[in-house]
Amino acid sequence: MRHVARRPAIEHTKPLTEPVLLILMSLAAQPRHGYALIKDIEALSRHRVRLSTGTLYGALRRLLDEGWIERFEQEDTSRDKQAYRLTSEGRRQLELELDRFRELSRAGFARLRLGEA
Amino acid sequence: MGAVFRVLLYLYPQRHRELLGAEMQAVFEEGAREHRLLGPFQYLRFVLLELGGLVLHAAIAQFAHATHRGYLENQVRGTSAPPQDLPDDVIEAQNRVAVSVNQLLFAISHHQFNQARFYKNEERKARENLRQMREKYGIGDPRPLP
């Protein structure tokens with residue numbers, strides 16, 4: 001009988017870049033168009049990050065490639081003001097990344113406490 | 001300055017420019033309007049960052065275009081019509097199917113069967129969406145999708 005080694009259920013995700021993470025976070029609440037994304041990300045990052053148009057659309061294109069976001073037809077938007085929303089896969093990837101951050105931050109605080117003791 | 005931005009958009013691959021160029025131009029102009037009110041220094045800083053970012057990301061997009069067939073290049077096998085002949089909705093729907101299939105195959109090949117079930121479901125929804133899009137535009141299905 002052939003034995004197949006059980007593999008741990010590790011997700012095959014790479015850490016997301018900051019612009020991608022912020023875009024996913026912004027779209028998690030509601031669909032937004034390009035400029036609204038820039039403004040929301042600025043607020044979300046407490047004015048630390050302001051994406052340029054090139055950075056924003058480079059990231060949006062990669063997210064469209066991956067199927068993590070989709071273009072969304074809104075009645076009041078024209079072709080030059082297209083809205084984007086998260087797909088179920090995009091939401092799942094965001095949750096995975098936030099879980100990773102939670103684990104990392106837990107480990108970081110534990111190390112800090114060790115250093116203080 | 002909008003004209004300079006429009007010219008620099010030509011550094012992007014044609015497909016990227018066709019689909020996202022108008023949006024990018026609109027976003028730049030909205031930002032320029034806002035920064036013009038903040039004074040000449042802020043406006044100049046904004047313009048330099050925007051134009052520099054545009055050139056950099058155009059180079060990245062050209063590299064990606066040369067090495068990778070993604071969303072905008074219509075990666076679905078079995079599509080006889082070239083991407084520019086199809087409505088954007090259909091191209092998007094086709095690529096959603098391709099992405100789901102790739103993810104499904106990846107999950108199966110890595111023994112991640114829970115994820116495979118998830119992607120199978122996503123693939124089913126993506127195919128149904130593609131069928132509806134083709135029906136909407138009266139496009140036949142020339143060859144079966146993978």
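If we keep just the residues of segment A:13-37 that are over 11 Å from the mean Cα position of the chain (by Cα) and over 21 Å from A:ALA83 (Cα atoms), which is modelled with the lowest pLDDT? So the residue we want is A:THR13.
Here A:TYR57 qualifies as in contact with a His (Cβ under 8 Å, 6 or more places away or on another chain), surrounded by 16 or more Cβ atoms within 10 Å (Cβ to Cβ) and either within 24 Å of B:GLU92 (Cβ to Cβ) or away from chain B (no Cβ under 14 Å) (or both). A single member of B:ARG6, B:ARG45, B:ARG17, B:ARG36 is more than 10 Å from chain A (Cβ to nearest Cβ) and surrounded by 17 or more Cβ atoms within 10 Å (Cβ to Cβ), and it is B:ARG17. You will find that of A:ASP65, A:ASP76, A:ASP40, the residue that is modelled with pLDDT under 90, of a type in the set (D, E, K, R) and closer than 28 Å to B:ILE60 by Cα is A:ASP65 and no other.
The values are calculated or read from the model by the stated rules, or taken from the named source; none is laboratory data. All values derive from a computational prediction rather than experimental measurement. Note that each Cβ is placed from the backbone with ideal geometry, even for glycine, and that neighbours are counted across all protein chains shown.
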